[in-house]
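**Student:** Okay, here's the structure, questions in a sec.
The values are calculated or read from the model by the stated rules, or taken from the named source; none is laboratory data. These numbers were taken from a predicted model, which means no experiment stands behind them. All Cβ positions, glycine included, derive from the backbone under ideal geometry; neighbour counts span all protein chains shown.
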Amino acid sequence: MSEITRDAGANPLGGRGAASVVPSAERDADGLASGKLGRVTRKQRSLWGNAWRQFRHHKLAMAGLVLFVLFVVVTFIGNAIYPREIDAIDFLRTDAPPSLDFPFGTDALGQDMLARALWGGRISIAVGLVAALVSITLGTAIGALAGFFGGPADSLLMRLTDMFLALPQLPLLLMITYLFRESVNRFFEERTGSDILGTFVLIVVVIGALNWMPTARLVRASFLSMKEKEFVEAATSIGATRSALIFKHILPNVMSPIIVAATLGVGAAIITESTLSFLGLGFPSDIPTWGSMLFDAKDRIELAPHEAIIPGMLIFLTVLSINYVGDGLRDALDPRKTQ
Amino acid sequence: MGRYLIRRALISAVTLLAISMVVFSILALAPGDPLAGFATNPNVTPELRERLRDQLGINDPIHIRYVKWGREYLQGNWGQSFQTKGPVRDYIVGRVPVTLIVIGSSLLLSVVIAIPIGVISAIKQYSAFDQISTTFAFLGFSLPTFFTGLLAILLFSVKLDWLPFVYDSQVNGFWGNFKQSIMPICVLGLAGAAQLTRFVRASMLETINQDYVRTARAKGLREKTVVLFHAMRNAMIPVVTIIALQIPTIFGGAVVTEQIFRVPGIGSALISAIGGADTPVVMAITFGVAILVVLFNVIADVLYAVLDPRIKMG
């Protein structure tokens, strides 16, 4: 780090007069003498390295990242470390508040809330990640096609985007999951034997299919401006194929807004899934997710407030940490803000 | 202006047509038989069931059913509700006022909160006020309404016992209605305010650094004049359009809050219709919201063009 700043400082000095060239050359020789390692790491300072360096300075974003990674790790391995059953019904210990024996308490059926929260968190987070992946992939593909090819393909795809933007999101989401939940679930259960895969696929696809539009617009706009840049012209002139132009030359240059959108999309998808489950239309009630735990708790809030507060706080903290990561990424990847 | 409006109206009509086809196809392609209830009835023979299907038009190809539905919808006949057994239109029209009051007041609340906070936050960037308000906006932006709603009930109804937590449509008088509407309105309004504050702040930050604002300061105008008349007037242009565009999202929030506080509005009607497989009501509400979305898109565009003379209409 200090070497870089010294070199950067030497540059304007070097331009001033011949006298200053000497020490600068000496320093270069020094650098060589001190071993190649330092020089190699300096050369590898990439765009992503810069962004990471920038990101690390954003304290809340780092805290968000740590918290989110913690949530992911804990929910994915938690049930192995805390091997209580998620559906062990015991009417002798219903609605127990948090205690040493049951850190998150028990619910109306006496089921262990911590085990359920761990299990449900895995589903909620997985839905968020995969749904965001679906919407970003769709949005990037459609935006890239529209922006790169232009003309009738562009206007057709953009009309499609406009139409999707005008769709009544929540009613449609509720309607589709309600209408297709059972048959999709049966389809997957017959083929894979899993009783949650069907609902998972349906929810992820529907959330993804209703949220790709902002990404598509963003990617299209970036493609339109990148297409005119000299480096694309240069690549075209040496005979780069269309797919090489799209994937190797333009796409890497429009990645930063896509990454930010993807990050924020994860949080939004987690909230959407929880909303669905909260309205009783997400996963079936025997499969806990944070949203369905809230759904079970909402009518009994005066009896057992912990049953609502715990899953609610988990959703809030997860989404908050993701949003802070997104905020930090936005700053880190924005070239105008680089210090 | 006239030509622009006509063009916009035509595009909207096409969009609505496409949306109605999408919604209709989803409902038509969904598994499930509307006459499934008769399958177990020994008095209804398979032949009779088939005749009924023909009579009701269920055996018609999908495009014919769509045209029939569209014609009836435009004439104001939205079908019979399976649940209430009455006309869908009466059922929905009866529930619109409550939803309008909740959405309207919460929108008003979020504007009243967001504009001053966002503006002050921007002119005092990096001050303590700015730090606190951006943090709160960020927290609010990450808080789902279904959780804040439950927390509000827990605090104000269960612990403090100040407010009723179930909406009662029999309550008369201003005070009673005020007391039972305040939680849904605040939950929805504060969530909207969190989003809007971020937007107002960003928009204000962009204008406050413009040359004409510096000019206004340089010629010795009072700070109040500069902020209110030079910077804010321009910063509010995108804010107005975002408010118009947010209305459908607020409707989504209203579905959740109406469900939590059991407000008998459109949102809770939608949920109970979905639960009761009441297809005509689901279709009518979904399509009604689609009309609302498209309408407010047009309003946002027109407002933008009217407020910003740099935008050419055409």
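**Student:** Going by the structure shown, is B:G149 touching a helix residue (DSSP H, G or I) at 6+ places or on another chain (Cβ under 8 Å), buried (at least 20 other Cβ atoms within 10 Å of the Cβ) and more than 26 Å from A:F295 (Cβ to Cβ)? Talk me through it step by step, then tell me what you get.
**Tutor:** Values: touching a helix residue (DSSP H, G or I) at 6+ places or on another chain (Cβ under 8 Å): yes; buried (at least 20 other Cβ atoms within 10 Å of the Cβ): yes; more than 26 Å from A:F295 (Cβ to Cβ): no.
Considered against the rule, which asks whether it is touching a helix residue (DSSP H, G or I) at 6+ places or on another chain (Cβ under 8 Å), buried (at least 20 other Cβ atoms within 10 Å of the Cβ) and more than 26 Å from A:F295 (Cβ to Cβ), B:G149 comes out as no.
**Student:** Okay, moving on. So, A:L294, is that one buried (at least 23 other Cβ atoms within 10 Å of the Cβ) and either under 17 Å from the mean Cα position of the chain (by Cα) or on the phi < 0 side of the Ramachandran plot (or both) or not? Give the derivation first.
**Tutor:** On the way: buried (at least 23 other Cβ atoms within 10 Å of the Cβ): yes; either under 17 Å from the mean Cα position of the chain (by Cα) or on the phi < 0 side of the Ramachandran plot (or both): yes.
Spelling it out, A:L294 is indeed buried (at least 23 other Cβ atoms within 10 Å of the Cβ) and either under 17 Å from the mean Cα position of the chain (by Cα) or on the phi < 0 side of the Ramachandran plot (or both).
**Student:** A follow-up question, please. If you go through the range A:128-146 one residue at a time, do you hit one that is within 14 Å of chain B (Cβ to nearest Cβ) and either not aromatic (F, W, Y) or not in a helix (DSSP H, G or I) (or both)? Before the answer, list the steps.
**Tutor:** From the range A:128-146, those within 14 Å of chain B (Cβ to nearest Cβ) are A:128; that's our starting set.
After this cut, where a residue has to be either not aromatic (F, W, Y) or not in a helix (DSSP H, G or I) (or both) as well, the list is A:128.
Checked against the condition, which is being within 14 Å of chain B (Cβ to nearest Cβ) and either not aromatic (F, W, Y) or not in a helix (DSSP H, G or I) (or both), the range A:128-146 yields at least one hit.
**Student:** Here's something else I'd like to know. Would you please name the residue that is nearest to A:G208 (Cα to Cα), looking only at residues in the range A:141-158 that are among the aliphatic types (A, V, I, L, M) and surrounded by 17 or more Cβ atoms within 10 Å (Cβ to Cβ)? Spell out how you get there, then give the answer.
**Tutor:** Here is the first cut: in the range A:141-158, the residues among the aliphatic types (A, V, I, L, M) are A:141-142, A:144-146, A:153, A:156-158.
With surrounded by 17 or more Cβ atoms within 10 Å (Cβ to Cβ) added as a condition, the list becomes A:142, A:144-146, A:157-158.
Values: A:I142: 13, A:A144: 17, A:L145: 18, A:A146: 19, A:L157: 17, A:M158: 18 Å.
Per the stated criteria, the residue is A:I142.
**Student:** Same structure, new question: Would you mind finding the one in B:P164, B:P144, B:P184, B:P87 that is in contact with a strand residue (DSSP E or B) (Cβ under 7 Å, 6 or more places away or on another chain) and either among the aromatic types (F, W, Y) or surrounded by 13 or more Cβ atoms within 10 Å (Cβ to Cβ) (or both)? Give the derivation first.
**Tutor:** On the way: B:P164 fails: in contact with a strand residue (DSSP E or B) (Cβ under 7 Å, 6 or more places away or on another chain); B:P144 fails: in contact with a strand residue (DSSP E or B) (Cβ under 7 Å, 6 or more places away or on another chain); B:P184 fails: in contact with a strand residue (DSSP E or B) (Cβ under 7 Å, 6 or more places away or on another chain).
Among B:P164, B:P144, B:P184, B:P87, only B:P87 is in contact with a strand residue (DSSP E or B) (Cβ under 7 Å, 6 or more places away or on another chain) and either among the aromatic types (F, W, Y) or surrounded by 13 or more Cβ atoms within 10 Å (Cβ to Cβ) (or both).
**Student:** I'm checking my understanding of the structure. Among residues of the range B:205-260 that are within 14 Å of another protein chain (Cβ to nearest Cβ) and acidic (D, E), which one is farthest from A:S292 (Cα to Cα)?
**Tutor:** That would be B:E206.
**Student:** Could you please let me know if A:V266 is assigned by TED's automatic domain parsing to the domain that holds A:I125 and touching a residue at least 60 places away in the same chain (Cβ under 8 Å)?
**Tutor:** Details: assigned by TED's automatic domain parsing to the domain that holds A:I125: yes; touching a residue at least 60 places away in the same chain (Cβ under 8 Å): yes.
Against the criterion (assigned by TED's automatic domain parsing to the domain that holds A:I125 and touching a residue at least 60 places away in the same chain (Cβ under 8 Å)), A:V266 qualifies.
**Student:** Being within 14 Å of chain A (Cβ to nearest Cβ), assigned to a helix (DSSP H, G or I) and β-branched (V, I, T), is that true of even one residue in the range B:182-193?
**Tutor:** The answer is yes, given that some residue of the range B:182-193 is within 14 Å of chain A (Cβ to nearest Cβ), assigned to a helix (DSSP H, G or I) and β-branched (V, I, T).
**Student:** Here is a further query. Give me the pairs: first residue in the range B:271-289 and at the interface with another protein chain (Cβ under 7 Å from one of its Cβ atoms) and polar (S, T, N, Q), second residue assigned to a loop (DSSP other than H, G, I, E, B) and buried (at least 23 other Cβ atoms within 10 Å of the Cβ), beta-carbon distance under 8 Å, and six or more apart or on different chains, which are they?
**Tutor:** Short answer, once both residue conditions are applied: B:T286/A:P168.
**Student:** Can you say whether B:Q125 is surrounded by fewer than 21 Cβ atoms within 10 Å (Cβ to Cβ), of a type in the set (S, T, N, Q) and assigned by TED's automatic domain parsing to the domain that holds B:A28, as far as the supplied structure shows?
**Tutor:** Details: surrounded by fewer than 21 Cβ atoms within 10 Å (Cβ to Cβ): yes; of a type in the set (S, T, N, Q): yes; assigned by TED's automatic domain parsing to the domain that holds B:A28: no.
Judged against the criteria, B:Q125 is not a match.
**Student:** Looking at B:F136, is it more than 11 Å from chain A (Cβ to nearest Cβ), at pLDDT below 85 and either more than 25 Å from the chain's Cα centre (by Cα) or in a helix (DSSP H, G or I) (or both)?
**Tutor:** Details: more than 11 Å from chain A (Cβ to nearest Cβ): yes; at pLDDT below 85: no; either more than 25 Å from the chain's Cα centre (by Cα) or in a helix (DSSP H, G or I) (or both): yes.
When the stated conditions are applied, B:F136 does not pass them.
**Student:** Give the residues of the range A:275-308 that are more than 10 Å from every other protein chain (Cβ to nearest Cβ) and polar (S, T, N, Q), sorted by residue number.
**Tutor:** Within the range A:275-308, A:S285, A:T289, A:S292 qualify.
**Student:** Still on this model: What's the total number of residues in the range A:214-251 that are surrounded by fewer than 15 Cβ atoms within 10 Å (Cβ to Cβ), in a helix (DSSP H, G or I), of a type outside the set (A, V, I, L, M, F, W, C) and under 30 Å from the mean Cα position of the chain (by Cα)?
**Tutor:** 4
**Student:** So which residues in the range A:277-286 are surrounded by fewer than 24 Cβ atoms within 10 Å (Cβ to Cβ) and either small (G, A, S) or under 15 Å from A:L202 (Cα atoms) (or both)? Walk me through it before giving the result.
**Tutor:** Start the filter on the range A:277-286 by keeping residues that are surrounded by fewer than 24 Cβ atoms within 10 Å (Cβ to Cβ), which leaves A:280-281, A:284-286.
Those that are surrounded by fewer than 24 Cβ atoms within 10 Å (Cβ to Cβ) and either small (G, A, S) or under 15 Å from A:L202 (Cα atoms) (or both): A:G280, A:L281, A:P284, A:S285.
**Student:** Which residue, of A:V201, A:V206, A:V184, is within 24 Å of the chain's Cα centre (by Cα), more than 7 Å from chain B (Cβ to nearest Cβ), farther than 24 Å from A:V219 by Cβ and assigned to a helix (DSSP H, G or I)?
**Tutor:** Residue meeting the stated conditions: A:V201.
**Student:** Go through B:A254, B:A218 for me and flag whichever is modelled with pLDDT of 85 or more and over 30 Å from A:S277 (Cβ atoms). Working first, answer last.
**Tutor:** Working: B:A254 fails: over 30 Å from A:S277 (Cβ atoms).
Matching residue, one of B:A254, B:A218: B:A218.
**Student:** Do we find a residue being part of a loop (DSSP other than H, G, I, E, B), of a type in the set (A, V, I, L, M, F, W, C) and in contact with a Phe, Trp or Tyr (Cβ under 8 Å, 6 or more places away or on another chain) anywhere in the range A:297-310?
**Tutor:** Taking every residue of the range A:297-310 in turn, none turns out to be part of a loop (DSSP other than H, G, I, E, B), of a type in the set (A, V, I, L, M, F, W, C) and in contact with a Phe, Trp or Tyr (Cβ under 8 Å, 6 or more places away or on another chain).
**Student:** Still on this model: Give the number of residues within the range B:90-122 that are away from chain A (no Cβ under 14 Å), surrounded by 14 or more Cβ atoms within 10 Å (Cβ to Cβ), touching a residue at least 40 places away in the same chain (Cβ under 8 Å) and among the hydrophobic types (A, V, I, L, M, F, W, C).
**Tutor:** 12
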